[in-house]
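Colleague: Would you mind keeping the following structure in view while I ask a few things?
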Amino acid sequence: MAVDYKKELQLLFDILFEEKASDIHFSVGSHPLIRVSGTLIPLVKKPILTNTDVDHFAQILMRPDQYDRLTRREEVDFSYETTQSVRFRGNAFFQRGKKAVALRSIPNVIRSFEELNLPPILESFTQRTQGFFLCVGPVGQGKSTTLAAMIDRINKTRAEHIVTIEDPIEYVYEDDKSLIDQREVGIDTGSFESALNSAFRQDVDVILVGEMRNSETISTAVTAAETGHLVYSTLHTNTTAQTINRIIDSFPGDQQDQIRVQLSSSLIAIFSQRLIPHVMGGLVPAYELLINNTAVANLIRENRIHEIPSVIETGLEQGMIDMNRSLVKLVQSGDITVESAFSYSSNPKGLERLI
């Protein structure tokens, strides 16, 4: 009997929602897997997936042009919306000569800072009229969700023209006080760079760049922040200091002094976050926040990035916080275990002194 793959896919999505999972994986030779509170769990009651199974799922999830790219052995980012208006961010790829698909569930409702357990100071960065704000961290640590909360706060409180440039579009916004235009790379624009350059002619106030992938995108984003726009973006970096180094190192040597000067004047803050298993289930954020002040700007200009962690440690009164102090707060409040704190700390010796 022929398999109804649309029905089977919906049944798998039903399990994902029922288990409050964040991701689902389809890989030939394995059961479907879901990720719950950071842990991958195989759905052993479902049969092991064949090449035909994964191929049919890919055809349902992707547009024909995206599927064609996949068959040419290209990795493809895509978004998918169910008939119940539930959205997923996906990536399809080949492994050992066979197709595989990873899907991340995108909540319908954009949650507030309070609901996400994010620091209230983030709201102050939504009240700026220009500058460059970065949310950083490894893949799957809630960067897009944090930026969505910030965009939504602007949408609810200010009359602005907001343009998002994403690959693919994740959260879908409804206009409130602001006008929000969402552009997807590959559908609405050819690239992040071309969309950013076009934004200068679109009477835009706030720009969300889904990801800064190269020096051209970074340079244009920094220029936009310098010329009267509020720019939000993400990078896959571990710490705030590493983020500044990554930005500067993406440019040729003869351009690095210029980008240091531009970044020192346009940067608002860098927010680095991790999602850590809560003792009662679910995930809770730990974070590091670097706020650009005179001392930080001088360190960036003078290429003394290695001194930035010390500035964060002494900047508590201004709202800065380093990752270890954030982890200690979560331990003291009973949200996470000491073991989790140490496993997520990039400086365990420093953490040991605080606990």
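Colleague: Using the structure shown, list the pairs from 20/349; 20/99; 143/349; 45/143; 20/156; 7/177 with a Cα-Cα distance above 31 Å, or answer none. Can you show the working numbers first?
Modeller: Values: 20/349 35 Å; 20/99 26 Å; 143/349 27 Å; 45/143 33 Å; 20/156 28 Å; 7/177 39 Å.
From the list (20/349; 20/99; 143/349; 45/143; 20/156; 7/177), the Cα-Cα distance tops 31 Å for 20/349; 45/143; 7/177.
Colleague: A further question follows. Normalising by the residue count of region 120-354, find the relative contact order in percent from Cα pairs under 8 Å and 6+ residues apart.
Modeller: Numbers: 406 pairs, mean separation 46.3, N = 235.
The normalised contact order for region 120-354 reaches 20 percent.
Colleague: Of the listed values [x] 6, 26, 34, 25, 8, 1, 0; [y] 5, 18, 25, 22, 15, 8, 4, 2, 1, 0; [z] 5, 23, 30, 26, 13, 2, 0, grab the one calculated as P(r) over Cα pairs in 10 Å bins from 0, in percent from the structure here.
Modeller: Checked against the structure: label [z].
Colleague: On to the next question. Report, to the nearest 10°, how far helix 5-18 tilts away from the longest principal axis of the Cα atoms in the chain, using its own Cα long axis and a range of 0 to 90°.
Modeller: The two axes meet at around 50 degrees.
Colleague: I would also like to ask the following. So what's the gap between the Cα centers of region 239-308 and region 319-355, to the nearest angstrom?
Modeller: Centre-to-centre distance over Cα atoms comes out at 20 Å.
Colleague: If we count every other residue with Cβ under 15 angstrom of residue 239's Cβ, Lys/Arg +1 and Asp/Glu -1, where does the sum land? List each step's numbers first, then the result.
Modeller: Working: positive: 143, 246, 274, 325; negative: 249, 288, 307, 313, 322.
Residues close to residue 239 contribute a combined charge of -1.
Colleague: OK, next. Which Cα, out of 138, 341, 281, lies furthest along the positive dipole direction of region 120-354 (beta carbon charges, K/R +1, D/E -1)?
Modeller: With unit charges placed on the Cβ atoms, the residue in question is 341.
Colleague: Quick check: the angle from helix 240-249's long axis to the longest principal axis of the chain, C-alpha only, nearest 10 degrees?
Modeller: 90 degrees
Colleague: Would you work out the charge dipole size for the chain about its Cα centre, treating the Cβ of every Lys and Arg as +1 and the Cβ of every Asp and Glu as -1, and quote it to the nearest 20 debye?
Modeller: The dipole of the chain has a size of about 760 debye.
Colleague: Just tell me which aspartates and glutamates come within less than 18 Å, Cα to Cα, of residue 98; anything on the same chain fewer than 8 places away is out.
Modeller: Those aspartates and glutamates meeting the cut-off are 53, 55, 68, 74, 75, 77.
Colleague: How tilted is helix 143-157 with respect to the longest principal axis of the chain? Cα atoms for both, answer in degrees (0 to 90, nearest 10).
Modeller: Tilt relative to the chain: about 70 degrees.
Colleague: Share of antiparallel DSSP beta bridges in the chain, in percent to the nearest 5?
Modeller: Values: 37 of 63 bridges.
Counting only bridges with both partners in the chain, antiparallel ones make up about 60 percent.
All of the numbers you see were taken from the coordinates with simple rules; none came from a lab. Computed from a prediction, not measured in an experiment: that's the story for all the values here. Here Cβ is always computed from backbone atoms with ideal geometry, including for glycine, and neighbour counts include all displayed protein chains.
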